[in-house]
Amino acid sequence: MVPSVSSSTRVGFLLAIVVLAWVGQVDGSIDSNRTSALEEARLQRENLVRKYLKRLKKEDGAIKLIGGRGDFEGNVEIFHAGKWGAVCDDEWDQAEAEVVCRQLGFPGHVKPTHTGYFGRAKRKFWMDNLYCGGKERELAECHFDGWGTNDCEASEAAGVICKRHEDEEPVTTEKPVPVEMKVPKERLGEQRRLELRLVGGRVADEGRVEVRLVDGEGAGRWGSVCGDGWGLLEGNVVCRQLGLGYANNAVQTDFFSESEASELPKLLLSGTECYGNETSLADCLHDPIGWRSVRCSERHGHVAAVTCVSQMADLVFDHVEMEQSLHLEDRLMYLLQCAMEENCVASQAYEIQRENPNWHLETRRLLKFTARVVNTGNADFRPHIPKHLWEWHLCHMHYHSMEVLFATFDVIDAGGRRVAEGHKASFCLEDNQCLPGVEPRYACANYGDQGISVNCSDIYRHNIDCQWVDISELDFGEYTMRVAINPEFKVPEMRFDNNAATCRLLYTQTYARVFDCKLERP
């Protein structure tokens, strides 16, 4: 018995046959237009897959970027123990940014960002004092202090700006970049000036920063300053312009609002970027001024504030001491185990340790030197961490009071690429040498008070762990060497343009020396 078929079903069969015949006819007459259309569809599909691959599953070590204009930039967050957390910008540099961008599927990084460039951290910090070699597959493979171990504030969020793929159009990003955001930063012209005031503070030396434009037509309305990227460099300029001394703290907060219910003035200034030696905030770079052109990662309560003081320490690196003490030393890795725990050797050394069972018999070539730091300010330099939070270091047998990255040593080639690096992430501050008539007051031994008195020096001699650059893989030749103290401007000082020494470095088969050194900003 033949089953009955409805008229609608028969029509459907006929339509299917017609469609199949049409498809076959088209397949038989394929042309270049169809080829280009298929290629375009393939590219769109690849971009779509790439986009969703970047949204990693919620597994330990997954990362994401937040607060940026698109999926290619933002503050870094990492997933651990079932929760997302922030990454602190201590020791955050190009190597870490490269790992993040590669993990997210981008071809590389444009630059790392610091001090909450894309807004304050909204979650607890999972990672601090990160140290990557640059070749790790994931950020979680880098060395760091341990999950949740940190001494960071919400304004110290680390971020990145990644390179985008050449075939990636703006329409493929989750947040397309508006045209006005591509306008370069500027300074005020001679026809306009910027007036400042501090508002909401308990005393006249503190408060949130408010600005207004003054031109030939008079003064405009007072407005707030966006807190994105706001730090001690900008704070020092504000205190200097107001005649209030130096910035002891530069924060991104609404703490200085009159009350929780009160409305802050509209944002007038954003993207502020100072070198640090300007006499006026108007001399700094900033986004074009105007109510519509101001952009800020957060609209509510994310404003710039500052606390000024009349007395401040000022650290200066002694490049003459470095020139006189610098030398080469080949050292067994067996004798570097303590230093390796503090990430004081090149990333290749850790690869040798993992792959070679006799790694302790290998040697590393170290470029060693003495670092002498002088306090030329009018106030003692004191640790910003309370004494009960100082960390005992078994290797060094004393307490460290500085757990932020406080000294970096970089070797740079003729192309401007960093080819070797060293650092001192932990410091014990004491008065090793003082000018005649000045009595030393700070010492590391026996849990003593730490600091650097005015007109005294803290000296880390060349025979101390980590007081070197591992140059084992470096070719012979001429380079630039830069040693910087307080390179991320985390600790307040009078000025920062004397914190780094940049020198020429000559490295030969038998010796190394630095010369033509000059002091500048990190």
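For the reader, a short list of remarks on this structure follows.
- Among (1) within 26 Å of A420 (Cα to Cα); (2) at pLDDT below 95 - the single one E329 does not satisfy: (2)
- Residue in the stretch 161-177 that is modelled with pLDDT of 80 or more, open to solvent by less than 40 Å² (accessible area, probe 1.4 Å) and assigned to a loop (DSSP other than H, G, I, E, B) present: no
- When the stretch 115-164 is filtered for residues that are closer than 25 Å to Q348 by Cβ and aliphatic (A, V, I, L, M), the ones remaining, listed by number, are M127, L130, L139, A140, A158, V160.
- Residues that are in contact (Cβ under 8 Å) with a residue 24 or more places away in the chain, within 26 Å of A158 (Cβ to Cβ) and not in a loop (DSSP other than H, G, I, E, B), drawn from the stretch 502-522: none
- Boolean, V87 is under 20 Å from Q252 (Cβ atoms), at pLDDT 85 or above, assigned to a strand (DSSP E or B) and among the β-branched types (V, I, T): yes
- The stretch 443-482: number of residues that are without any contact (Cβ under 8 Å) to a residue 24 or more places away in the chain and among the small types (G, A, S): 2
- Take the conditions (1) in contact with a helix residue (DSSP H, G or I) (Cβ under 6 Å, 6 or more places away or on another chain); (2) hydrophobic (A, V, I, L, M, F, W, C); (3) in a loop (DSSP other than H, G, I, E, B); F256 misses just one of them, which is (1).
- From the options E342, E355, E362, E329, residue that is under 26 Å from the mean Cα position of the chain (by Cα) and assigned by the TED database to the domain that holds E421: E342
Let's see how each residue does on (1) over 29 Å from the mean Cα position of the chain (by Cα); (2) closer than 18 Å to V491 by Cα; (3) touching a residue at least 60 places away in the same chain (Cβ under 8 Å):
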| site | (1), (2), (3) |
| --- | --- |
| V214 | yes, no, no |
| S224 | no, no, yes |
| G231 | no, yes, yes |
| E234 | no, yes, yes |
| G245 | no, yes, yes |
| N248 | no, yes, yes |
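- Number of positions in the stretch 283-311 that are at pLDDT 80 or above and more than 25 Å from the chain's Cα centre (by Cα): 3
- Residue match in the stretch 447-463 (condition: touching a helix residue (DSSP H, G or I) at 6+ places or on another chain (Cβ under 9 Å), outside any loop (DSSP other than H, G, I, E, B) and open to solvent by 30 Å² or more (accessible area, probe 1.4 Å)): yes
- As a summary of the residue check, L188 satisfies the conditions (1) open to solvent by 50 Å² or more (accessible area, probe 1.4 Å); (2) in contact with a Ser or Thr (Cβ under 9 Å, 6 or more places away or on another chain); (3) part of a loop (DSSP other than H, G, I, E, B); (4) modelled with pLDDT under 85 except for the one numbered (1).
- In the stretch 131-159, the residue that is nearest to D60 (Cα to Cα) out of those that are in a loop (DSSP other than H, G, I, E, B) and touching a strand residue (DSSP E or B) at 6+ places or on another chain (Cβ under 7 Å) is W147.
The values are calculated or read from the model by the stated rules, or taken from the named source; none is laboratory data. Nothing here was measured: the structure is a model prediction, and the numbers come from that model. Please note: Cβ atoms are built from the backbone with ideal geometry, for glycine as well, and neighbour counts cover all protein chains shown. Ligands, DNA and RNA are stripped out before the accessible areas are found, and what is left, the full protein with its side chains, is counted by its heavy atoms. Shrake-Rupley method; radii C 1.70, N 1.55, O 1.52, S 1.80 Å.
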